[in-house]
1. What residue among P245, V255, F209 has its Cα farthest toward the positive end of the dipole of the stretch 190-286, where the charges are +1 on Lys, Arg and -1 on Asp, Glu, each on the Cβ?
2. Counting only Cα, what are the radius of gyration and maximum Cα-Cα distance Dmax of the stretch 56-105, in Å?
3. Starting from 0.36 nm per residue, how many nanometres of slack lie between T66 and R212 once their C-alpha separation is accounted for?
4. Of all DSSP beta bridges in the stretch 3-372, what percent run antiparallel (nearest 5)?
5. Under the rule a/c < 1.5 gives rounded, and otherwise a/b versus b/c splits prolate from oblate, where does the stretch 378-437 land using the Cα gyration tensor?
6. Which ³J(HN,Hα) values, rounded to whole Hz and listed in residue order, are derived for the stretch 364-378 from phi using the Karplus coefficients 6.51, -1.76 and 1.60 in 6.51 cos²θ - 1.76 cosθ + 1.60 with θ = phi - 60°, glycine and proline given as x?
7. Determine the dipole magnitude for the stretch 3-372: charges of +1 sit on the beta-carbon of Lys and Arg, -1 on that of Asp and Glu, nothing else is charged, the reference point is the Cα centre, and the result goes in debye to the nearest 20.
8. How large is ³J(HN,Hα), in whole Hz, for each residue of the stretch 410-423 in order, when computed from phi with the Karplus curve 6.51 cos²θ - 1.76 cosθ + 1.60 and θ = phi - 60°, using x for Gly and Pro?
Amino acid sequence: MTRRDLLALSTLPLARAARGQGPEVRPNFIFIMADDMGRDELGCYGQKLIRTPHMDRFAAEGLRFTDCYAGASVCAPSRSVLMTGQHTGHTTVRANASRRTGGRVALRTEDRTVAEVLKGPEWRGAFDEERAYATGIFGKWGLGEPGSTGLPNDHGFDEWFGFLNQQHAHNHYPQYLWRNRTREPLRGNRDGAKREYASDLFLREALHFIDRHRYEPFFLYFTPTIPHAAFESPELGEYAGQPWPEEHKHYAAMVTRFDTAVGRIMARLKETGLDDNTLVFVTSDNGGASNFAPFASMGPLRGRKGSITEGGLRVPMLARWPGKIRAGGVSALPWSFQDVLPTMADLAGARGIPSNVDGISIAPALLGKEQNAERPLYWEQFSGPGFEQAVRLGRWKAIRRGLQAPVALYDLEADIGEAKDVAAAHPGVVKRITEYLAVCRTESAEYPVARPWRG
């Protein structure tokens, strides 16, 4: 079955019904993504110490996914998967740095992002302004340096404000940010001052974007840099008096600050009358990075950010769309960031969906219908000098550390912590996954498997 065949499973009539009065009534999309926030750091996933009241209410009013996965276990490739709909065996940016040069890799001119798809197939020249979505990104990009082919404005985004480089994004009080193609100094952070917190600026821009585009369909990609290290919040609030180390207090405050941003965006949708026609997702770019003891951030999951195990890949995922998504629902459907592009394209009735996407529309699952949970999901990464692959197939999770290495197999329904390799007991499953691994990826000049590591 080809990737185009998989896209055909998206059930377009169901999506048209979700839009209401035919294909011209198109929803707005908001994709909210935290930076390094663990799944179990939200109250709706069991967190007891860090307060996330807005996301907890969001989950109660929408759908909570228990088995959603990031595009990768680290920043740049996860974002590349999200934007292109291709998994890490096909997408252009497959790691934070090239194994060939050690430098950053940018999206290519020919890479089509979800923003470009929502613009329509004519976007490069002239497009139909009656159908094209207004598009904006505020926060971290990570898919192209200045002067490269990977800038947001060259990949479908009308408006862009934030960090191009993910290392630059480690500073929550930067000296400058990028506004479209212009470097914009932050006067409040001159000479070591700390008066302009980057994620607060991104929220301001996101709210203004909603205000400006309230009368046309829009796609807002809000991707602040909290709670990524350095752990630094403008104030500790309710955590100031806790008997925890300072960085733990700051971390908790950053998660709650992200939660507050979610609440303000949802409030703005209600104020502008856009709530009922806006599909909102809330997630994190990869598994949690900081498994602080008081918070048990990783819960039962093995590993954390940077690991191809569940702790590095499984992320929180909430979806809300009043009147379309059933309130208070919980879904165990396995899906990943590669499915975001085809899902939005499906629900928007977009034309010109790229034929090379790996994802499928999960509109049926969002709208309460059954959906195939047995399709394979794929990840690959380099861990130091080693090459690692992972496959999720229904209840099974396979990990292979090296192209010629044996496949380890875990039954996630019985062993979510991936503690017991059951490959010997299920040779048929191992054979099916091994056959898939033989055909699921293409080689990349920037990430050759055989080349020595330039870390």
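Every read-out reported here was derived from the displayed coordinates using simple, explicitly stated rules and does not represent laboratory data. Model, not experiment: these values are computed from the prediction. Quick reminder, even Gly has a Cβ in these numbers, built from the backbone with ideal geometry, and neighbours come from all protein chains shown.
1. Going by the Cα projections, it comes out as F209.
2. 14.6, 47
3. 49.1 nm
4. 35 percent
5. Note, shape of the stretch 378-437 comes out prolate.
6. Those phi angles translate into x, 5, 4, 9, x, 9, 6, 9, 4, 9, 9, 6, x, 10, 10 Hz.
7. Value, rounded to 20: 360 debye.
8. 10, 9, 5, 5, 9, 8, 5, x, 6, 8, 10, 6, 10, 4
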